[in-house]
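The values are calculated or read from the model by the stated rules, or taken from the named source; none is laboratory data. Treat the numbers as computed from the prediction; the structure is a model and nothing was measured. Cβ atoms come from the backbone with ideal geometry, glycine included; neighbour counts cover every protein chain shown. The protein model used for the area step is the full one, side chains on, heavy atoms only, and it has no ligands, DNA or RNA in it. Shrake-Rupley method; radii C 1.70, N 1.55, O 1.52, S 1.80 Å.
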Amino acid sequence: MPFGLKNAPAIFSRVVVAVFKEYIHKFLEVYFDDWTVFGLINKHIGDLRVMLEKCRQYQISLNLKKCIFCAPFGILLGHIVCRQGLMVDPAKIAIIVNLPAPNSVKQLRTVLGHTGYYRKFIKGYAKITAPMEKLLKKDVKFLWNEECQKSLDTLKEKMVTAPILVFPDWNKPFHVHVDASGIALGIVLTQPGEGGIDHPIAYSSRKLSTAEKNYTTTEREGLAMVYALQKFRHYLLGAPFKMFTDHSALKYLVNKPVLGGRICIWLLLFQEYDFEIIVKLGRLNARPDHLSQIDSGEEPSNLDDNLLDAPLFSIQIAYDYYADIIQFLTTGIAPEEFTKQQKKQLVVKAADFTLITGCLYKLGPDEVLRRCVMPHEKDAIIKEAHSGTAGGHFAGKPTTHKILEAGLWWPTLHKDTKDFCRCCDIC
């Protein structure tokens, strides 16, 4: 492929995915021109042979100097991936540790940009960098003082001693620890390990907006739950998990006699998930409590009140294709105006559908349940699958396959995807 082409990365990514599509997520992962074969040693040689035969078949050349075979660990995107989990790359950390004190706002942004890439490894990252972040505000004179230098030194020390984040084990339940204070939210995603100790998978925190600081204690704790569900949605959706909090009122939130508008909307979001709330005393809920006390973190983001699944709770606004199916699954009765033949057809049609916590799902020919998408969601889903961050601008069929793999479906999926790809200006 010639150098300098604007769409060369997308085209090459499309070629690689097309060549190895039957092996991706099984024993091979691809990131542009960098792919990794993983697995147990007794199968690894056979998997390598399959990959190399595919390269020979499609005339893909490999640079032997850049290839590493049968390694117990590997470096991927600035991280060391090993059997124990995910660690920071010492070579990258050495560069950061040797950085001098910044002399301008531009240099400070560079330092925070490098360290921010590894912030998920550092507990209290936002609190550590708070003195330096003050210098990034408008109309603030850049003055590097002793407090900023101490902040930078502490950050370098934390980078050197960063912990190992474990990989998620899909055969174990997830634990989500949440907490809220008057200034911020803190959440931790963990899984139980040996001795009943929870091992961290990811840390996250963000500060409250001005309006959110006026919430009641129960509302702030509920907001922390919503933030956790949105942040870790790809881990939690579709499997039971436990939510740990130090606020006992959350256990009885559903039975509250008078619910405010935002709480009603949050309860609709909770319907998507299968979780149990466990109250844990504050002194035992140290991880998220520490994060929630940080007066910094991610910028406040508005919660999406227009929940995607909310229309499924009202048949009046449901998609016409789904309306009769939802009514039949809910009541067991077909519409009165249907003829005998139409009622039989409805029974056969509804056999592949099921309602789970208020959401409609369809069982596909591959025996996989997929959520039925509403009309107003379709364009955003296709756009993300085709031209999003990991889209690659593939043709209609691969894009449709991506959407199906994501667990989504609607009646005109193939036609809508094909029409969207045909009208894509970049393609």
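Would it be correct to say that GLU29 is among the acidic types (Asp, Glu) and in a loop (DSSP other than H, G, I, E, B)? When the stated conditions are applied, GLU29 does not pass them. Give the range 69-109 a look and list any residue that's within 19 Å of TRP35 (Cβ to Cβ) and surrounded by fewer than 12 Cβ atoms within 10 Å (Cβ to Cβ), or say none. Result: PHE69, CYS70, ALA71, PRO72, LEU77. At pLDDT below 85, open to solvent by 90 Å² or more (accessible area, probe 1.4 Å) and under 25 Å from HIS386 (Cα atoms): does that describe LYS66? No: the conditions fail for LYS66.
From the list ASN98, ASN103, the lone residue that is in contact (Cβ under 8 Å) with a residue 40 or more places away in the chain, out of contact with any helix residue (DSSP H, G or I) (no Cβ under 8 Å at 6 or more places or on another chain), of a type outside the set (Asp, Glu) and within 30 Å of LYS141 (Cβ to Cβ) is ASN103.
Determine whether HIS25 is open to solvent by 90 Å² or more (accessible area, probe 1.4 Å) and within 29 Å of ARG206 (Cα to Cα). Criteria not met by HIS25. Scanning the range 69-108 for residues that are basic (Lys, Arg) and within 26 Å of the chain's Cα centre (by Cα) turns up ARG83, LYS92. Can we say GLU367 is open to solvent by 70 Å² or more (accessible area, probe 1.4 Å), under 26 Å from the mean Cα position of the chain (by Cα), closer than 22 Å to TYR322 by Cβ and without any contact (Cβ under 8 Å) to a residue 12 or more places away in the chain? Taking the combined requirement at face value, the residue satisfies it. Checked against the criterion of being at pLDDT below 85 and open to solvent by 90 Å² or more (accessible area, probe 1.4 Å), the range 110-118 contains one or more residues that satisfy it. For the range 34-70, which residues satisfy the criterion of being among the charged types (D, E, K, R) and closer than 20 Å to ARG83 by Cα? Scanning the range 34-70 gives ASP34, LYS43, ASP47. The residue that is farthest from the chain's Cα centre (by Cα), among those in the range 137-167 that are among the aliphatic types (A, V, I, L, M) and farther than 22 Å from VAL88 by Cβ, is LEU143. Residues considered: LYS378, LYS349, LYS397. Of these, the only one that is in a helix (DSSP H, G or I) and closer than 25 Å to LEU269 by Cα is LYS378.
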